[in-house]
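**Q** A single structure is presented below for examination.
Just so it is clear, none of the values below were taken in a lab; they were calculated from the coordinates. As the structure is a prediction and not an experimental result, all values here were calculated from the model. When we count neighbours, we look across all protein chains shown, and the Cβ atoms used for this are built from the backbone with ideal geometry, even at glycine.
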Amino acid sequence: MGRDLGRDAHPGRACLWHRSHIDGIGILLALAVLFWIPTHILTFAMRYYTDYKAANVPTFPSVYGFPFTRLMIAISSVVAALSISAASILIGMQWGFVWILVVLCAGLMLLAAATVFRPSERINYGLFKYASMFMLSAMILLSI
């Protein structure tokens, strides 16, 4: 088995290579998904805040408040975007696809920044929807 462990884009990519080498691309992809999760889940928790509160279910926004939750969403979005961008370059993705991914990452980061600096229910829900499409699109681009 050589250096090329396949071009699978999911976080299940083999992170160990011959049991002695940690695959940096696999770690970056795992980080991208790991840091995408707060963007997706926390925006959902904010959208249904009153429902969770009525059911006495503690959520991140109910414990730490909306401003801190928005900040965590923004930070995790930036880390996810940077991780997936770095992985795409290290995999050797064609530059045309890299630029598409850069545009997708910019959209994610702009929406995340908007939730911090211009918070609204509409932007929050837009980020929730965009985050899913971002990750799906990014994984498709990585598998091409």
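**Q** Simple spin-label model, 7 Å along Cα-to-Cβ: residue 109 to residue 22 in nm?
**A** 2.5
**Q** Separate question: Using the beta-carbon distance between residue 99 and residue 68 and R0 = 35 Å, what value does 1/(1 + (r/R0)^6) give for FRET efficiency, to the nearest 0.05?
**A** Working from the Cβ atoms, E equals 0.55.
**Q** Kindly provide the helix-only [θ] at 222 nm of the chain, computed as the sum of -39,500 (n - 2.57) over DSSP H runs of four or more divided by all residues, to the nearest 500 deg cm²/dmol?
**A** So the helix-based figure for the chain works out to -25000 deg cm²/dmol.
**Q** Looking only at trypsin sites (Lys or Arg not before Pro) in DSSP loops with at most 15 other Cβ atoms within 10 Å, what is the longest site-free stretch of the chain?
**A** 20-144
**Q** Please find the FRET efficiency linking residue 133 to residue 75, where r is the Cβ-Cβ separation and R0 is fixed at 25 Å, and quote it to the nearest 0.05.
**A** 0.75
**Q** Relative contact order for the chain: what percent, with Cα pairs under 8 Å and sequence separation of 6 or more?
**A** Averaging sequence separation for qualifying contacts and normalising by length gives 30 percent for the chain.
**Q** Could you give P(r) for the chain, binned at 10 Å from zero, as whole percent values over all Cα-Cα pairs?
**A** Binned Cα distances yield the sequence 12, 39, 27, 16, 5, 0.
**Q** By how many degrees, between 0 and 90 and to the nearest 10, does the Cα long axis of helix 121-143 differ from the longest principal axis of the chain?
**A** Between the helix axis and the principal axis of the chain, the angle is about 10 degrees.
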